[in-house]
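Here the structure is laid out as structure tokens; the discussion comes afterwards.
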Amino acid sequence: MLRLFTVFLLTLTLTPTLPAGDWPTFLGPTRDGASAEKGIITPWPAKGLKQVWECELGVGYAPPVIAGGTLYHTDRFADTIRLTARDAATGKFLWKYSYDTEYRDFFGYDPGPRACPVIDGDRAYLFGPDGVLCCVATTTGKELWKVDTKAKHFFHQNFFGAGSVPLIDGDLIIVTVGGSEKGPRPADLRDAKPNGSALVAFDKKSGAEKWVSGNELSSYSSPVVATIDGKRTGLYFARGGLLGFDPQTGKVGFHHKWRAKSEESVNASNPVVVGDKVLLTECYGPGAAFLDLRGGKPKEVWTDADKDAGDKAMACHWNTPIHAGGFVYGSSARHTEDGDIRCIDLATGDVKWQKRRTKRCSLTMIDGHLISLSEYGDLTLLKVNPAKYDEVSKYEVPGLDYPCWAAPVVSNGLLYVRGKEKLIALELIPKK
């Protein structure tokens, strides 16, 4: 009883109180793609949701975040990475912060930011594709501190640069550096050797380094913290598999290997935590794995490892699937033409239904519904229904062009969607 009470007090101490409607980090305040807001318009008008405002952006793929009535987004113009603040309700420009970069993408994709900002109180944090971590004041955009994680720990450039969203835990900001042994970049990135700096924690106020941990390389998944077996545990789906660690000390508790054999493969979906279990999913090889983490050593409940490509339960690319009532909903596919939305029974991995040829999508859950944004700008409203694909409304958002790879964001009744060089705000919940 004393242990449980201590954990409860620690959780209260380390978990910030957020205003209703804030969406301050990747996939929302609980980092699981779910919004607690109610009263959405359903069905949608035949011509789609009312547009409230829009703004032009530079290049990049990250969704916006919202806190205290201010919207923050990242992009790039020429050789400058920017963080911009706007009034979330009107789109009015407030301020911008920028720094110069020499980052170039090896695969020819836009060289803009992949990771969205993180807002914590009066500070905003930006993690650029070059591995530069910046802390700025939310009221003015003034730089408070900056750390070049590549210069400090060194890493071979990942396929698309740095793209994992940092995690705030208490007084720490935890960054997935994925440091490599120094030397020329290997012709085959599978030959890169980690140097023990998979994760680096900094004091969120000063930028001072607090701990370095984990012998893994970086991925595009973002770390999460959950209570597992009565203990607060950090989970990071790194390049080679799942790391379990103490978020306050960095001590690694376990490592579960899970990655495709091919060089050009990445892990990008966040771990989906349900109780003491976690779902991992990727699209380049092994697919999904449902693990029981009790006892400090992962045990496989079920996996897709021995299934043929077409029979895998859930093979998500960049999107993180969403859990609701024992079922998981996600976009399963590596390529656009193979994309489908499906629902699986989490306990068994059985596919309950799938809607084919939806293109690759990102999902957000709100008010008993799923909002799906396809990479080509199709916006779909579905009921959360494990029995069938239950489509309510669908339309193509005018002016929203490929690639729409950022997950939909909901804050204070507005739905924010990002496509190529444009951000659009739509009215999802009518004002009373």
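The values are calculated or read from the model by the stated rules, or taken from the named source; none is laboratory data. Note that this is a predicted model, so its numbers are computed, not measured. We place every Cβ from the backbone using ideal geometry, glycine too, and count neighbours over all the protein chains shown.
Here are a few things to note about the model shown:
- Residue check, Thr348 over 23 Å from Val224 (Cβ atoms), out of contact with any Pro (no Cβ under 6 Å at 6 or more places or on another chain) and in a loop (DSSP other than H, G, I, E, B): yes
- So Glu209, is it over 27 Å from Pro63 (Cβ atoms) and acidic (Asp, Glu): yes
- Of all residues in the stretch 254-267, one or more are closer than 25 Å to Val200 by Cβ, in a strand (DSSP E or B) and among the aromatic types (Phe, Trp, Tyr).
- The lone exception for Met365 - which of (1) assigned to a strand (DSSP E or B); (2) over 19 Å from Phe290 (Cα atoms); (3) without any contact (Cβ under 8 Å) to a residue 60 or more places away in the chain it fails: (3)
- Filter result (part of a strand (DSSP E or B) and surrounded by fewer than 20 Cβ atoms within 10 Å (Cβ to Cβ)) within the stretch 195-225: Asp203, Glu209, Lys210, Trp211, Val212
- The stretch 390-418: number of residues that are in contact with a Gly (Cβ under 6 Å, 6 or more places away or on another chain), more than 18 Å from Lys50 (Cβ to Cβ) and buried (at least 16 other Cβ atoms within 10 Å of the Cβ): 1
- The sole residue among Leu172, Leu133, Leu144 that is of a type in the set (A, V, I, L, M, F, W, C) and over 30 Å from Pro321 (Cα atoms) is Leu144.
- Residues in the stretch 371-429 that are without any contact (Cβ under 8 Å) to a residue 40 or more places away in the chain, among the hydrophobic types (A, V, I, L, M, F, W, C) and over 30 Å from Asp345 (Cβ atoms): Leu400 alone.
- Selection status of Tyr376, in contact with a helix residue (DSSP H, G or I) (Cβ under 9 Å, 6 or more places away or on another chain), at pLDDT 95 or above and aromatic (Phe, Trp, Tyr): yes
- Test result for Pro19, modelled with pLDDT under 95 and more than 17 Å from Thr364 (Cβ to Cβ): yes
- Failed condition for Lys251, given (1) surrounded by fewer than 15 Cβ atoms within 10 Å (Cβ to Cβ); (2) in contact (Cβ under 8 Å) with a residue 24 or more places away in the chain; (3) closer than 30 Å to Met314 by Cα: (3)
- Residue within the stretch 51-69 that is in a loop (DSSP other than H, G, I, E, B), aromatic (Phe, Trp, Tyr) and closer than 22 Å to Ser362 by Cα present: yes
- Of Leu373, Leu426, Leu381, all but one fail to be crowded, with 17+ Cβ neighbours inside 10 Å, assigned to a strand (DSSP E or B) and touching a Cys at 6+ places or on another chain (Cβ under 9 Å); the exception is Leu373.
- Residues located in the stretch 70-109, provided they are surrounded by fewer than 21 Cβ atoms within 10 Å (Cβ to Cβ), in a loop (DSSP other than H, G, I, E, B) and either on the phi < 0 side of the Ramachandran plot or in contact with a Gly (Cβ under 7 Å, 6 or more places away or on another chain) (or both): Asp79, Ala89, Thr90, Lys92, Thr101, Glu102, Tyr103, Arg104, Asp105, Phe106, Phe107, Tyr109
- Taken over the stretch 265-308, the criterion of being small (Gly, Ala, Ser), crowded, with 17+ Cβ neighbours inside 10 Å and modelled with pLDDT of 95 or more is satisfied by Ala268, Ser269, Gly285, Gly287, Ala288, Ala289.
- Residue count, the stretch 226-253 (criterion: farther than 21 Å from Asp304 by Cβ and either part of a loop (DSSP other than H, G, I, E, B) or in contact with a Cys (Cβ under 9 Å, 6 or more places away or on another chain) (or both)): 8
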